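Student: Got a structure for you, questions after.
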Amino acid sequence: MASIGHADRARERTHELTRIVLTGSESVGKTTLGLQLASRYGITCVPEFVRDYAAAKGAPLDDRDHGPIATGQMALEDTHMAAALARGDTLLLQDTDLISTVVYCHHYFGRCPDFIEQAAMARRAAHYLLLEIDVPWIADGIRDREKHRVEVQTLFRDTLARFAAPVTVVQGTWETRFATAAALIDTV
């Protein structure tokens with residue numbers, strides 16, 4: 001078997017894509033931090049599919065929505081992954097992933113369809129930045145869990161642990177959050 005030279009390894013690495021997911025309860029700054037980090041690293045951040053889905057529906061989500069939400073999130077991720085790989089990016093940031101769908105299925109309905117759980121496990125990212133709820137909650141017309149932040153955040157922690165997902169907790173001021181996230185990204 002021939003050995004792989006340094007140049008070959010470097011070429012292989014350019015085709016690897018490390019996914020980092022910002023996650024946590026509502027109104028913890030995932031979108032804001034994702035955009036700041038994307039700007040710092042000159043990449044894009046995969047947006048959260050469910051936000052546009054919920055706004056377009058114009059009515060409360062119910063358990064029939066989680067299949068389309070999961071499918072839409074996966075399609076959005078796949079499109080961004082393909083584009084990132086085509087550009088030669090080695091990092092992909094995501095403003096949430098299917099683990100959020102799992103968490104909210106359990107939170108709202110007490111269960112999550114097996115296919116979503118299985119897809120979330122199969123698509124688990126390289127690392128998760130779990131943003132803590134130590135910042136003010138801001139209403140935006142879609143968010144509705146202000147009184148349940150601790151409960152939902154506990155579900156995120158438990159689900160990430162159950163999925164054996166690598167996690168870094170991000171907390172503190174907005175500047176501290178950015179510094180913590182950037183320090184983690186700089187090591188991957």
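Taken together, the values in this text are just the output of simple stated rules run on the coordinates, not laboratory data. A quick note: this is a predicted structure, and the numbers were derived from the prediction, not measured. Here the Cβ positions follow ideal geometry from the backbone for every residue, glycine too, while neighbour counts run over all protein chains shown.
Student: Quick one: 3J(HN,Hα) in Hz for region 78-91, Karplus 6.51/-1.76/1.60 with θ = phi - 60°, rounded, Gly and Pro as x.
Tutor: Calculated HN-Hα couplings, in order: 4, 4, 5, 5, 4, 5, 5, 5, 4, 7, x, 5, 10, 10 Hz.
Student: About its Cα centre, how strong a charge dipole does the chain have in debye, to the nearest 20, once Lys and Arg get +1 and Asp and Glu get -1 at the Cβ?
Tutor: That gives the chain a dipole magnitude of about 240 debye.
Student: Right, another one. Which one, Gln118, Leu35, Leu17, is farthest towards the positive end of the dipole of the chain when Lys and Arg carry +1 and Asp and Glu -1 on their Cβ?
Tutor: Positive-most Cα among the choices belongs to Leu17.
Student: A further question follows. Taking a spot 7 Å from the Cα of Asp78 along the direction of its beta carbon, which residues of region 13-56 have an amide N less than 11 Å from it?
Tutor: Taking a point 7 Å out along Cα→Cβ of Asp78, no residue of region 13-56 has its backbone N under 11 Å.
Student: Let me ask another. Please list 66-73, 51-58, 22-29 highest first by mean number of surrounding beta-carbon atoms within 10 Å per residue.
Tutor: Averaged packing, sorted descending, gives the order 22-29, 66-73, 51-58.
Student: By how many nm would the segment from Ile43 to Asp62 lengthen if fully extended, with 0.36 nm per residue of separation less the alpha-carbon distance?
Tutor: 3.5 nm
Student: Let me ask another. Just to confirm my understanding: which cysteines in the chain have no other cysteine beta carbon less than 4.7 Å from their beta carbon?
Tutor: Lone cysteines by the Cβ rule: Cys45.
Student: Could you calculate the contour length gain from Ala55 to Trp174, that is, 0.36 nm times the residue separation minus the distance between their Cα atoms, to one decimal place in nm?
Tutor: 40.2 nm
Student: Arrange the following residues from fewest to most other Cβ atoms within 10 Å of their Cβ: His107, His80.
Tutor: His107, His80
Student: Tell me the angle of helix 30-41 to the major Cα principal axis of the chain, expressed in degrees between 0 and 90 and rounded to the nearest ten.
Tutor: 20
Student: Only Cα pairs under 8 Å and at least 6 apart count here; give the relative contact order of the chain as a rounded whole percent.
Tutor: 33
Student: So how do Leu98, Leu37 line up by other beta-carbon neighbours within 10 Å, fewest first?
Tutor: Ordered by Cβ neighbours within 10 Å, fewest first: Leu37, Leu98.
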